[in-house]
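> Have a look at the structure that comes next, please.
The values are calculated or read from the model by the stated rules, or taken from the named source; none is laboratory data. Given the structure is predicted, the values throughout are model-derived calculations rather than measurements. Don't worry about glycine lacking a Cβ; one is built from the backbone with ideal geometry, like all the others, and counts go over all protein chains shown.
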């Protein structure tokens, strides 16, 4: 594995961003609109007048900003592969000396960069508009961000594995997967509000433990590190599984001909 190849591929994708209005639009407009829409909802909740309502408003925005780490890390990985498929450029990349693991490392680094930029942008927006300082979470923030990055990367690699096997024809389906994960991960509400069967699924989601810890920290000021440790273990399992699945799907597609993925 050569570092210069990884850097070259990262630069290739980064150079496209300033030249593509829709990439810039995707990085800024949608996060901004989410914050504005959810911000009005949080303001409405705060008008309840109770102490709990005053806490829940900022908590919703904090949850939204942290969820964007998962969403954007996943989107960056899956979007880059989708773009190569639609541009009929995947074969051109794979016939170069570039190795699969070098491509994986480069898109993971891009996912980390994108998620970090969106986190910074959204943190500034909620501070300017609502005077909510995400840095008040302190050490907890430093632990949650890498865990959410891991979840987003595992999700993105899993989605990319499906595209690597079945191509563009499942693109409509795979973009709904993050919303399924969001539904069971108890990002904006406690896990115990879900039906029993959904709670069982939620406990398999590493994201769930992160946001349960966040709610405990914001509402009571007391939390346990144990759920975050469980989240870390689950993230490792899913990351290893996603990488293995992607490698396996890549090998199967290579046996059948990578070019067939671009024809659907």
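> Out of (1) closer than 21 Å to residue 178 by Cβ; (2) surrounded by 14 or more Cβ atoms within 10 Å (Cβ to Cβ); (3) modelled with pLDDT under 80, the odd one out for residue 68 is which?
Of (1) closer than 21 Å to residue 178 by Cβ; (2) surrounded by 14 or more Cβ atoms within 10 Å (Cβ to Cβ); (3) modelled with pLDDT under 80, only one is false for residue 68: (3).
> Right, here's the next one. Name the pairs: first residue in region 49-60 and closer than 11 Å to residue 215 by Cβ, second residue modelled with pLDDT under 65, Cβ to Cβ under 6 Å, at least 6 apart or on different chains?
The qualifying pairs do not exist here.
> Another question, if that's okay. Please go through region 47-65 and give me each residue that is more than 12 Å from residue 130 (Cα to Cα), in contact with a helix residue (DSSP H, G or I) (Cβ under 9 Å, 6 or more places away or on another chain), assigned to a helix (DSSP H, G or I) and modelled with pLDDT under 85, ordered by number.
52, 53, 54, 55, 56
> Quick one: is residue 132 out of contact with any strand residue (DSSP E or B) (no Cβ under 9 Å at 6 or more places or on another chain), under 28 Å from residue 222 (Cα atoms), outside any helix (DSSP H, G or I) and in contact (Cβ under 8 Å) with a residue 24 or more places away in the chain?
Judged against the criteria, residue 132 is a match.
> Another question about this same structure. Check off (1) modelled with pLDDT under 75; (2) over 19 Å from residue 160 (Cα atoms); (3) surrounded by fewer than 18 Cβ atoms within 10 Å (Cβ to Cβ) for residue 33 and give me the number that stays unchecked.
Of the numbered conditions (1) modelled with pLDDT under 75; (2) over 19 Å from residue 160 (Cα atoms); (3) surrounded by fewer than 18 Cβ atoms within 10 Å (Cβ to Cβ), the odd one out for residue 33 is (1).
> Does any residue of region 83-95 turn out to be at pLDDT 70 or above and either buried (at least 17 other Cβ atoms within 10 Å of the Cβ) or in a loop (DSSP other than H, G, I, E, B) (or both)? Give the steps one after another, and end with the answer.
Taking region 83-95 as the starting set, the residues that turn out to be at pLDDT 70 or above are 83.
The next check asks that each one be either buried (at least 17 other Cβ atoms within 10 Å of the Cβ) or in a loop (DSSP other than H, G, I, E, B) (or both); those that pass are none.
Among the residues of region 83-95, not one is at pLDDT 70 or above and either buried (at least 17 other Cβ atoms within 10 Å of the Cβ) or in a loop (DSSP other than H, G, I, E, B) (or both), which makes the answer no.
> Can you tell me how many residues within region 136-187 are within 20 Å of residue 251 (Cα to Cα), modelled with pLDDT of 90 or more and surrounded by fewer than 18 Cβ atoms within 10 Å (Cβ to Cβ)?
0
> Quick one: what pairs do we get from region 241-264, first residue over 13 Å from residue 163 (Cβ atoms), second part of a helix (DSSP H, G or I) and at pLDDT below 80, C-beta under 8 Å, 6+ apart or different chains?
Here the result reads 247/100; 259/91; 263/167, each pair linking region 241-264 to a residue that is part of a helix (DSSP H, G or I) and at pLDDT below 80.
> How many residues are surrounded by 14 or more Cβ atoms within 10 Å (Cβ to Cβ) and farther than 21 Å from residue 229 by Cβ when one looks only at region 188-197?
Within region 188-197, residues that are surrounded by 14 or more Cβ atoms within 10 Å (Cβ to Cβ) and farther than 21 Å from residue 229 by Cβ number 2.
> Now for a separate question. Got a number for residues in region 207-224 being closer than 17 Å to residue 141 by Cβ and in contact (Cβ under 8 Å) with a residue 12 or more places away in the chain?
The number of residues fulfilling the criteria is 12.
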